[in-house]
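All remarks here apply to the structure that follows.
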Amino acid sequence: DLLILSSTPGSGDMRSKFENSLVPIVNWEEALSDNGAGEFGMSTVTMIKSNTITDIILTDHPIGGGLPDTVTLFDAPGPETTSTDGLFPGLASVGDTGDGSGNSMIFVAEVGDAVDPGSGIIDSIAPARRVMLPWTDATAASLTDDGWTLFGNALDWAVGRIGGSQPDRITAIDYDD
């Protein structure tokens, strides 16, 4: 099982509902992670939004597997991204902004990782894998093939299909409107 939180519904519909979920979460809704500790306690400061950052420099993490060291996320100008210069200590950054600031754009928590106590997560421990993606509202329409691969890798990592013991990859997503 996997929860994907997108920016399609209003953030108010999702606030304070999923932080203690035992199911892995891939979060695309920036409003759930942009207020200090955020819903998942992964950033200790308010997220930084930009409509000029288009590249992400990947770290050595399974989510970046099979991709170049630097990935151009968008094929059209203007999509908004998010990043943080206050990643909670001990959490992993999958990729940093390509603007030289070193801010984390994609960051993850493993089951049992400590998260910011200000988030309201029980015992301040991630109950399942979490992936915070840097995209907002209409960015999906402009993602490059590498951007979509990064998204797919995030799904696979969250459920343990890469960087874990299950070799099979997610190949399709079914959803209801």
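The values are calculated or read from the model by the stated rules, or taken from the named source; none is laboratory data. Since we're looking at a predicted model, the values are computed, not measured. Methodologically, a virtual Cβ is constructed for each residue, glycine included, from the backbone with ideal geometry; neighbour enumeration extends over all protein chains shown. These accessible areas exclude ligands, DNA and RNA; they are computed on the full protein's heavy atoms, side chains included. Shrake-Rupley method; radii C 1.70, N 1.55, O 1.52, S 1.80 Å.
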Ignoring ligands, DNA and RNA, what accessible area per residue does the chain give at 1.4 Å, in Å²?
46
At Leu3 and Val45, where each label point lies 7 Å from the Cα along Cα→Cβ, what is the point-to-point distance in nanometres?
2.8
Of all GluC sites (Glu not before Pro) in segment 16-112, the ones in DSSP coil with at most 14 other Cβ atoms within 10 Å are Glu110
Tell me which label goes with the value of percent of Cα pairs over 21 Å apart computed from the coordinates here: (i) 43; (ii) 49; (iii) 57.
(i)
May I ask you to derive the relative contact order of segment 43-150, considering only C-alpha pairs under 8 Å and at least 6 residues apart, and to give it as an integer percent?
29
Separation between the Trp148 and Thr70 pseudo-spin-labels, each 7 Å from Cα along Cα→Cβ, expressed in nm?
2.4
Estimated dipole of the chain in Debye, rounded to 20 [Cβ of Lys and Arg +1, of Asp and Glu -1, Cα centre]
280
Hey, what number do you get for the chain at 222 nm if only DSSP H runs of n ≥ 4 count, each worth -39500 (n - 2.57), divided across all residues, to the nearest 500?
-2500 deg cm²/dmol
Quick check on packing: order 120-133, 142-155, 64-77 by the mean number of other C-beta atoms within 10 Å, highest mean leading.
120-133, 142-155, 64-77
Carbon and sulfur: what percent of segment 9-153's accessible surface (1.4 Å probe)?
52
Working with all protein chains in place, sort Lys49, Lys17 by solvent-accessible area computed with a 1.4 Å probe, largest first.
Lys17, Lys49
